[in-house]
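Structure first, commentary second.
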Amino acid sequence: MIVLFMTVISTSILGVVPSILTKNVIDIALPQKNLKLLVTYIFLSFATTLLLNIIAVRQSYLNSIVSKSIIRDLRSIMYNHLEHMSISFFSNAKTGEITSRINNDIGGIESVFSNTFIQLLSGIFVFLTTAATLFYTNWMLAIVSLLTLPLFVIPTRKVGKKRWEIALKTQSKLAELTNIITETLNISGMFLIKLFTKEKEKYREFEKVNNEVTQLQIRATIIGRWFFMTIQTFIAIGPMLIYLVGGIILIRYNTITIGGIVMFVSLVSRLYGPVSTFSNIHVDIIRSLALFERIFQYLDLKSEIYEKENSIVVNSVKGNIKFKHVYFSYDGFHDTLKDINFEIKPGQMAALVGPSGAGKTTITYLLPRLYDVKMGGIFLDGIDVRDISLSSLRSHIGMVTQDTYLFNTTIKENLLFARQNATDEEIISACKAAYIHDFIESLPNGYDTIVGDRGIKLSGGEKQRISIARTLLKDPKIIIFDEATSALDSNSEFYIQKALEPLLKSRTSLVIAHRLSTIIAADVIFVVVNGEIVEKGSHEELLKKGGIYKDLYNTQFKIKNA
Ligand SMILES: Nc1ncnc2c1ncn2[C@@H]1O[C@H](COP(=O)(O)OP(=O)(O)OP(=O)(O)O)[C@@H](O)[C@H]1O
């Protein structure tokens, strides 16, 4: 940064030298008909220009290092910040919008650092050195030259505001465009589009936004062009004024030489350079303020799930889970869960059953603090989960969901996600336990098979068994398992049941159960209806009771397992 600063100062000082040498050529060497002096001045002028350009190359190199590093840091800060946002942020945000803020908005402000900042700095120095030389040569003409400058400021103000508005609109339209691309041009989006034959509609939607982006960009360019046209006109008028006023001073007062007037003309063009840059900078800064505003909208967001300063790191747990008077709401108004109370003892298996939308999944989200309770508390081994450090809390919990998410990489990489330093033997043993090893081995590339976007190349049952193997590698004390609602073929069903045995053995588990075999195996069953636990007990106890569970059993489980 200091070196960059030095190069800016040296180029602005050296920049006035060729104009002074030109003055000497006209006022000294030519009238004296002194060839040696003429060659010396021209050689010096040439050497200074060469040196100037060499320093300029160095300057742009340093400049690019500084600006690229700032953008790199900003991108990393944004990614790190978003990674720590809560799940509710992601359930409300559009994927394309997030991508756009990281790519388009952060990328967009690069020009502020690469051009604007350095132009501003060099503009100030060029202005100061040039103005000083002008005043030193002839103060009257210098004042006339400077008086034309305010003319540049007026159009700048108007244009700046308009460009800010357009820049904001353009960025939000670009985000919309990115969102359409990310939502549709992926395997799940394409499935839906093709099955509902919505290609034309989606294309039209894309074309509309694409058109709007282009219109906005054209408007921004046109406004920019009118602005530059005005500036250029003023720049052209400048030398004429100097010849006129300089000529009058020479004729009337004879306090300036011809070389002096020529030097003024060439130096004033240097003066208008920075002023026109200042005007551009004004517009550019305004444009980038719009981008900064969008970036800071995200950076200023606070995650709803945060870690207390003196949070407890829990290295090992027994696995006792207690929900005490838990209330929860997604929207802050309507309670999705109401007064949930239960305890699961270490090693026990608890099954959550109930109609769709009752709140079973929501209960499981609260334990690893994907969301926080509105009232009441959740306790792990007697410690409120909000007092435990997030990473240690989550390290003790394994979650196998219905819709297994796999990264589009090899099976092995997906498994290593659970534990980066797992050995090949450990991976194979987890896969054997999850009854998926033989299947993986039968693939042409074995563990190096690429699974496709979200694991599309694998069946639902295979994906879930890979997810079980992944959780076995993590080896947590508590398991949350969301059993598939869809009917799996008996073969797949058999293997999943087999895979579950080592997963649930000697661990505390909370299972959203849909299969009779799972429910019967549970130590305790919680019947969830409309956000409340309405019945608790073992399968036999609840059947005997003859309440809601019995109805559910008769209408769902018995039929499904008939
Ligand atoms: N991210 C969310 N934002 C707002 N409401 C939500 C969200 N997720 C779920 N809900 C609502 O909360 C309620 C409980 O949903 P939940 O997924 O917990 O039910 P469930 O019992 O697991 O259902 P299923 O058996 O069909 O999976 C539903 O009414 C659902 O619409």
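The values are calculated or read from the model by the stated rules, or taken from the named source; none is laboratory data. Computed from a prediction, not measured in an experiment: that's the story for all the values here. Note that we place each Cβ from the backbone using ideal geometry, even for glycine, and neighbour counts take in every protein chain shown. With ligands, DNA and RNA removed, areas are computed over all heavy atoms of the protein, side chains included. Shrake-Rupley method; radii C 1.70, N 1.55, O 1.52, S 1.80 Å.
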Selected residue (criterion: farthest from the ligand (Cβ to nearest atom)) from residues of segment 84-132 that are touching a residue at least 60 places away in the same chain (Cβ under 8 Å) and in a loop (DSSP other than H, G, I, E, B): ILE109
Leading residue by the ranking (most open to solvent (accessible area, probe 1.4 Å)) among those in segment 427-456 that are within 27 Å of SER188 (Cβ to Cβ) and among the polar types (S, T, N, Q): ASN445
Filter the strands (runs of 3 or more DSSP E) completely within segment 263-382 down to those with at least 1 residues that are more than 35 Å from the chain's Cα centre (by Cα), of a type outside the set (Asp, Glu) and more than 16 Å from the ligand (Cβ to nearest atom). 321-328, 337-344, 349-353
Subset of segment 435-468 [hydrophobic (A, V, I, L, M, F, W, C) and over 15 Å from GLU483 (Cα atoms)]: ILE436, PHE439, ILE440, LEU443, ILE450, VAL451, ILE456, LEU458
Where THR409 falls short, out of the listed (1) among the hydroxyl-bearing types (Ser, Thr, Tyr); (2) open to solvent by 10 Å² or more (accessible area, probe 1.4 Å); (3) within 16 Å of the ligand (Cβ to nearest atom): (3)
Hey, can you tell me all the residues within segment 350-405 that are on the phi < 0 side of the Ramachandran plot, among the charged types (D, E, K, R) and in contact with a Leu (Cβ under 7 Å, 6 or more places away or on another chain)? LYS360
Taking helices (runs of 4 or more DSSP H) that fall entirely within segment 421-514, which contain at least 2 residues that are in contact with a Leu (Cβ under 6 Å, 6 or more places away or on another chain)? 424-433, 460-474
Residue check, VAL57 without any contact (Cβ under 8 Å) to a residue 60 or more places away in the chain and over 30 Å from PHE117 (Cα atoms): no
Check SER509, SER459, SER492 and return the single one that is at pLDDT below 90, closer than 28 Å to LEU352 by Cβ and surrounded by 15 or more Cβ atoms within 10 Å (Cβ to Cβ). SER492
Pair list, Cβ under 9 Å, 6 or more apart: segment 393-405 residue in a loop (DSSP other than H, G, I, E, B), other residue among the aromatic types (Phe, Trp, Tyr) and surrounded by 24 or more Cβ atoms within 10 Å (Cβ to Cβ): THR401/PHE481
State the number of residues belonging to segment 39-85 that are of a type in the set (Lys, Arg) and either modelled with pLDDT of 95 or more or open to solvent by less than 40 Å² (accessible area, probe 1.4 Å) (or both). 0
